[in-house]
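> Sharing a structure here in structure tokens format.
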Amino acid sequence: MSQVLVTQTYVEPLGGEVYTLGIENDPIAKSRYKTSVDLTEDTVVITENLAASLKLSIGDQIEIEDDPFKIAEILKNAKGTGIAPDMMIFALERAKLFHNKELSYLNNETTALMVKTAEETDLIAMANEFQKVHPDLRVDIVEEDQAAKNNVNSLTLFIVILSILILIVTAIMVISNFDLFIYKNKNQFAIMRALGAKTAQLAKIIRIQSTMITGAGAFLGLAIAYTADQFLQPSFGRWFSVSLTQLSFAWEVAIPVLVVASLVIQLFLYIPVLKSSKILPLTILQENEELDFKNSGMQKAAIKILGISSLVSLLFGVILAVDESASAILILLSGFLLLTGLFLALPMLLTGLLNVLIPASKKFFSRNMSIALQNLKPQVKKNSFVILSISVVMIIAVFGSVMLSTIKQNNTNYISEQFPTSVVITSRIQQSEIDPIHLSGEVRNQVQGAQVASVSTFGGGELFVEDGTRSFDYTLGDLKALESTKVITDIGKENLAKAAIASPAFAKQHDVKVGDSLEIGIYSDEKQRAEYVTTMVVSAVSDAVGNGEVLFDWQAKALNTSSTNFNKAYVNTVDESLAMSSLETLTSMYPELIVNTHAAALKEASNMFLQRWAIFILVLIILVVSVMAGVLNTLLNNILAKRKEFAVLRTIGVRPMGIVKIIVTQISFYLLIGLVFGALCGLVFSLIVSLIDSGKVAFDFPLILGVAVSMWVVSLLIFIPVGWVMGNKKISMEILSDNK
């Protein structure tokens, strides 16, 4: 637990009070408020905007509550998250003296307590227990901040799923190349079996080889991860313009991940081991040539079971899940079950597609294309892993781009909600003495043609109902100006002094509608009860008013209390940059004011997004290069293994350019099928995962198309020369070549 004191302090250069915190020097407080220094009784931490307004830097002195303080740290304002308040942070014991200087000897109580809970704690249940003990206690759950929660959840989900998909594509690539290695050496295995080698002996040989491959890759990956984390991280921070905290290497995370990933890959490798070691010598030799894919009833049944399981899991996750965690797990399970089923169905789909394309190619295309497709049929089974590798890369590209684009879109929407106009002027002082009407006039004078509407800080009201009173928050504002700036679409009443615009939540909670009267009072500290002050009439119900609030006009004098001071001014202007320069005079007159622009907030958010985007693109490039290297190597080996077949084709009249066309057709078929299949799977998987977090899904089709085109172009650049070389080799030499 960590104590926090929320108060206000009078800042001499500003001539007013600023939102102030007193915190302890512990990890909870430092993590929550992003500080890194230990505060003493004569040091203070301030925010960046406040420092800029007062022209202060770290180490300078500032006078607060008649005492000098040294600035120990300046915190960056998170503009990318919208409009951020300014604050000053002191050591807790020093802030207690500000809280009540006259009675400082009474050891003032703090106003807040931060609690770090254990893992898997039911925060809602805990909050309810607190309020049972103290009914007036207000409990804020940090994780329930929807914008932050959605972004953190989306990024966490993105990292977990990306890791799983990378593990899958790695396993597929390893098993594909290892299976090719076993295929090319089946003659040797047959000879060993004929000489008396036992099944266990062959299995041991292959198992040792696969274990060495997995172990070498695992330890090399761990070494690279450690090196990157400890030595390359500062460089990454400079490249991507992001502040990174240097921490010790998380061995407690790395080792379990290493073990689990190695076991998964080893499990994949063990499949060809068992398959190759248990068959008889004659069967081994026959399997070298019998590669046709046969649709087994068991495999069809497995596909149906996976499809039904995916649908059931999705329905349970969306409709019947008891909490968000269970829902997320079930929806994710549904997505992976569906992908598994589609992967199993791919060879069958390929065979069916070839059965359709081969007759069509004879009628509508050249003989070379028909030959190329005909020669692909026996290779469908062996090359399914190649197509799956390409497909998983596309799934990662689609899913990653969708997740990051969705995060960007959600963040943009959140910022737009905070900026109903192009410029928003806020006060960093809680009890501002600025006259909002006078300020609006000053802004209009400074910015020609600007529309200005001001609103107040929160006021506390009491609504008189049949069974007593109910507390609610309200704000005051210039209703006509708010309507003209389109912050509110309809105020619905000419008598602004009596108009009340309610939020939908307030209207629903108190069962009021347009035309109803509201008897409103203000709580009196002296009489310890709510006293009636005025009656207002609901003129409109608007989504523009925040939850639980009511908006009145500045003309409602009875509700304009000491707590309803100037808070914000919404400014509509055509040229934001010109408005910013014009308002510099205003901010010099009123240092407490902060001018925020929609364009600047979006630019900051875009920079934050580009940091994540750059990392994803870097990962994607490495993944595409690695997978394509394995895929092209596998396809190249397959083509070289068919040299004798190409030589036979040349003896029956196929020209060298025809060989090039056959090879390019086969390679393009594998790539296009893998790319299209992967893109469709990625879109479906992304839509399923998006059910976890409600919101509009954004697709980045240019990136998806760019990855697909680049993979296809690179393949053509490699295989056209290969085809030309093979098409021009001596037929007599190629006929005698050993395919194995």
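The values are calculated or read from the model by the stated rules, or taken from the named source; none is laboratory data. All values reported here derive from a predicted model rather than from experimental measurement. Methodologically, a virtual Cβ is constructed for each residue, glycine included, from the backbone with ideal geometry; neighbour enumeration extends over all protein chains shown. These accessible areas exclude ligands, DNA and RNA; they are computed on the full protein's heavy atoms, side chains included. Shrake-Rupley method; radii C 1.70, N 1.55, O 1.52, S 1.80 Å.
> Quick check on the range 543-555. Is at least one of its residues among the hydrophobic types (A, V, I, L, M, F, W, C) and over 38 Å from the mean Cα position of the chain (by Cα)? Before the answer, list the steps.
First, pick out the residues of the range 543-555 that are among the hydrophobic types (A, V, I, L, M, F, W, C): 544-545, 550-552, 554.
Filter once more, so that each one left must be over 38 Å from the mean Cα position of the chain (by Cα): 552, 554.
Yes, the range 543-555 has at least one match.
> Considering only residues that are open to solvent by less than 10 Å² (accessible area, probe 1.4 Å) and in a loop (DSSP other than H, G, I, E, B), look in the range 62-103 and name the one that is modelled with the highest pLDDT.
So, considering only residues that are open to solvent by less than 10 Å² (accessible area, probe 1.4 Å) and in a loop (DSSP other than H, G, I, E, B), the one modelled with the highest pLDDT is 86.
> Restricting the search to the range 443-482, which residues are acidic (Asp, Glu) and in contact with a strand residue (DSSP E or B) (Cβ under 9 Å, 6 or more places away or on another chain)? Steps first, please.
Here is the first cut: in the range 443-482, the residues acidic (Asp, Glu) are 462, 466-467, 473, 478.
Correct list: 462, 473, 478.
> Collect the residues in the range 658-694 that are small (Gly, Ala, Ser) and buried (at least 20 other Cβ atoms within 10 Å of the Cβ), keeping them in residue-number order.
The initial filter retains those residues of the range 658-694 that are small (Gly, Ala, Ser), namely 658, 668, 674, 678-679, 682, 686, 690, 694.
Of everything in the range 658-694, those that are small (Gly, Ala, Ser) and buried (at least 20 other Cβ atoms within 10 Å of the Cβ) turn out to be 658, 674, 678, 679, 682, 686.
> Determine which member of the set 320, 274 is modelled with pLDDT under 80 and open to solvent by 90 Å² or more (accessible area, probe 1.4 Å). Outline the logic, then answer.
Working: 274 fails: open to solvent by 90 Å² or more (accessible area, probe 1.4 Å).
Exactly one of 320, 274 is modelled with pLDDT under 80 and open to solvent by 90 Å² or more (accessible area, probe 1.4 Å), namely 320.
> Hey, among the residues in the range 522-545 that are open to solvent by less than 30 Å² (accessible area, probe 1.4 Å) and of a type outside the set (Ser, Thr, Tyr), which one's nearest to residue 460 (Cα to Cα)?
My answer is 530.
> Return the residue satisfying two criteria in turn: it lies in the range 29-41 and is without any contact (Cβ under 8 Å) to a residue 40 or more places away in the chain and of a type outside the set (D, E, K, R), and of such residues it is surrounded by the fewest Cβ atoms within 10 Å (Cβ to Cβ).
The first filter runs over the range 29-41 and keeps only residues without any contact (Cβ under 8 Å) to a residue 40 or more places away in the chain, leaving 30-31, 36-38.
With the extra rule that they be of a type outside the set (D, E, K, R), the set shrinks to 31, 36-37.
Details: 31: 12, 36: 10, 37: 13.
My answer is 36.
> Taking into account only those residues within the range 167-197 that are at pLDDT 70 or above and open to solvent by 50 Å² or more (accessible area, probe 1.4 Å), which is nearest to residue 212 (Cα to Cα)?
Taking the candidates together, the pick is 170.
> Are any residues in the range 556-575 surrounded by fewer than 16 Cβ atoms within 10 Å (Cβ to Cβ) and within 34 Å of the chain's Cα centre (by Cα), and if so, which ones?
574, 575
> Checking residue 514 against (1) among the hydrophobic types (A, V, I, L, M, F, W, C); (2) open to solvent by less than 80 Å² (accessible area, probe 1.4 Å); (3) over 39 Å from the mean Cα position of the chain (by Cα), only one condition comes out false. Which one?
(2)
> Pull out all pairs, ordered by first then second residue, where Cβ-Cβ is under 9 Å, the residues are six or more apart or on different chains, the first lies in the range 709-725 and is closer than 16 Å to residue 669 by Cβ and open to solvent by 60 Å² or more (accessible area, probe 1.4 Å), and the second is hydroxyl-bearing (Ser, Thr, Tyr) and in a helix (DSSP H, G or I).
Once the first residue is closer than 16 Å to residue 669 by Cβ and open to solvent by 60 Å² or more (accessible area, probe 1.4 Å) and sits in the range 709-725, its partners that are hydroxyl-bearing (Ser, Thr, Tyr) and in a helix (DSSP H, G or I) give 712/668.
> Right, next: So for the range 11-24 (the condition being touching a helix residue (DSSP H, G or I) at 6+ places or on another chain (Cβ under 8 Å), assigned to a loop (DSSP other than H, G, I, E, B), modelled with pLDDT under 85 and open to solvent by 40 Å² or more (accessible area, probe 1.4 Å)), does at least one residue qualify?
yes
> May I pose another question? Every residue in the range 715-729 that is part of a helix (DSSP H, G or I) and either of a type outside the set (Phe, Trp, Tyr) or touching a His at 6+ places or on another chain (Cβ under 8 Å) (or both), please.
Quick first cut of the range 715-729, residues part of a helix (DSSP H, G or I) only: 715-727.
The answer is 715, 716, 717, 718, 720, 721, 722, 723, 725, 726, 727.
Residues are listed down the side, and each one gets a yes or a no for (1) in contact with a Gly (Cβ under 6 Å, 6 or more places away or on another chain); (2) not in a loop (DSSP other than H, G, I, E, B):
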| position | (1), (2) |
| --- | --- |
| 523 | no, yes |
| 527 | no, no |
| 531 | yes, yes |
| 537 | no, yes |
| 544 | no, no |
| 568 | no, yes |
| 571 | no, yes |
| 579 | no, yes |
| 595 | no, yes |
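> Right, next: Of the residues 214, 227, which is open to solvent by less than 50 Å² (accessible area, probe 1.4 Å) and at pLDDT 80 or above?
Going through 214, 227 in turn, just one is open to solvent by less than 50 Å² (accessible area, probe 1.4 Å) and at pLDDT 80 or above: 214.
> Next question. Taking interchain pairs and intrachain pairs at least six residues apart, which have beta carbon atoms under 8 angstrom, with the first residue in the range 505-532 and among the aliphatic types (A, V, I, L, M) and the second open to solvent by 100 Å² or more (accessible area, probe 1.4 Å) and assigned to a strand (DSSP E or B)?
520/532; 530/523
> Could you tell me how many of the residues in the range 44-61 are touching an Asp or Glu at 6+ places or on another chain (Cβ under 8 Å) and either acidic (Asp, Glu) or at pLDDT 90 or above (or both)?
Residues flagged as touching an Asp or Glu at 6+ places or on another chain (Cβ under 8 Å) and either acidic (Asp, Glu) or at pLDDT 90 or above (or both) within the range 44-61 amount to 3.
> Find all pairs meeting these conditions: Cβ atoms under 8 angstrom apart; at least six residues apart or on different chains; first residue within the range 9-28 and at positive phi; second residue surrounded by 17 or more Cβ atoms within 10 Å (Cβ to Cβ).
The qualifying pairs are 15/591; 15/592.
> What is the residue count in the range 488-510 for residues that are under 15 Å from residue 554 (Cβ atoms), under 39 Å from the mean Cα position of the chain (by Cα) and at pLDDT 85 or above?
Let us first name the residues in the range 488-510 that are under 15 Å from residue 554 (Cβ atoms), namely 488, 491, 493, 495-501.
With under 39 Å from the mean Cα position of the chain (by Cα) added as a condition, the list becomes 488, 491, 501.
Within this subset, residues satisfying the condition of being at pLDDT 85 or above are 501.
Final tally of qualifying residues: 1.
> Look at residue 513 and say whether it is of a type in the set (Lys, Arg), over 24 Å from residue 440 (Cβ atoms) and modelled with pLDDT of 85 or more. Reasoning before the result, please.
Numbers: of a type in the set (Lys, Arg): yes; over 24 Å from residue 440 (Cβ atoms): yes; modelled with pLDDT of 85 or more: yes.
Yes; evaluated as a whole, the condition is true for this residue.
> If you check every pair at least six apart or on different chains, which have Cβ atoms under 6 Å apart with a residue in the range 304-319 that is among the hydrophobic types (A, V, I, L, M, F, W, C) first and a residue that is part of a helix (DSSP H, G or I) second?
306/337; 306/340; 306/341; 314/334; 316/330
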